[in-house]
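Right, one structure below, let's go through it.
The values are calculated or read from the model by the stated rules, or taken from the named source; none is laboratory data. Keep in mind the model is a prediction, meaning the values are calculated, not measured. Note that each Cβ is placed from the backbone with ideal geometry, even for glycine, and that neighbours are counted across all protein chains shown.
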Amino acid sequence: MKFKFKLNPASVILITVIIAIVMFTSAIVELNQSKKEIFQLLYEHSSTLIESVIQSSNNTLNSSFEIEDLITEKLLDNARLIRKLDSLNILTRDEIIKIGEMNKLFRINIFDKKGFRVLS
């Protein structure tokens, strides 16, 4: 096959260099664009993760407060029961131990009007 025109080596080298520069520039632009997209995705995912952690922390705090309120109410109910039994004069040391074991109370102290411990 014969070519109708001849290219000199300088033209071939120049065209090759221009194509290489265009390809290299295109690769750099594409790489930078990919990097920007990846950073944007990472930012969105991190924002979502932060929101999840904040919501989880709020839920944990709310449940802790609710548990604390329930424990407080249970202890007050036990105190009311003991006060009622004490006012009826049917509270003994064995009865206090039994109530403590049933309600998983570590210690029950009964004080008189002057603040002295009567039963424990």
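With respect to the numbered conditions (1) surrounded by 11 or more Cβ atoms within 10 Å (Cβ to Cβ); (2) of a type in the set (Phe, Trp, Tyr); (3) modelled with pLDDT of 85 or more, which one is the sole condition not fulfilled by residue 111?
All conditions pass for residue 111, except number (3).
Would a scan of the range 59-80 turn up a residue that is of a type in the set (Val, Ile, Thr) and in contact with a helix residue (DSSP H, G or I) (Cβ under 9 Å, 6 or more places away or on another chain)?
no
Can we say residue 67 is closer than 30 Å to residue 111 by Cβ, assigned to a helix (DSSP H, G or I) and in contact (Cβ under 8 Å) with a residue 24 or more places away in the chain?
no
When you scan the range 90-99, do you find a residue that is of a type in the set (Asp, Glu), at negative phi, modelled with pLDDT of 95 or more and part of a helix (DSSP H, G or I), even just one?
The answer is no; no qualifying residue exists.
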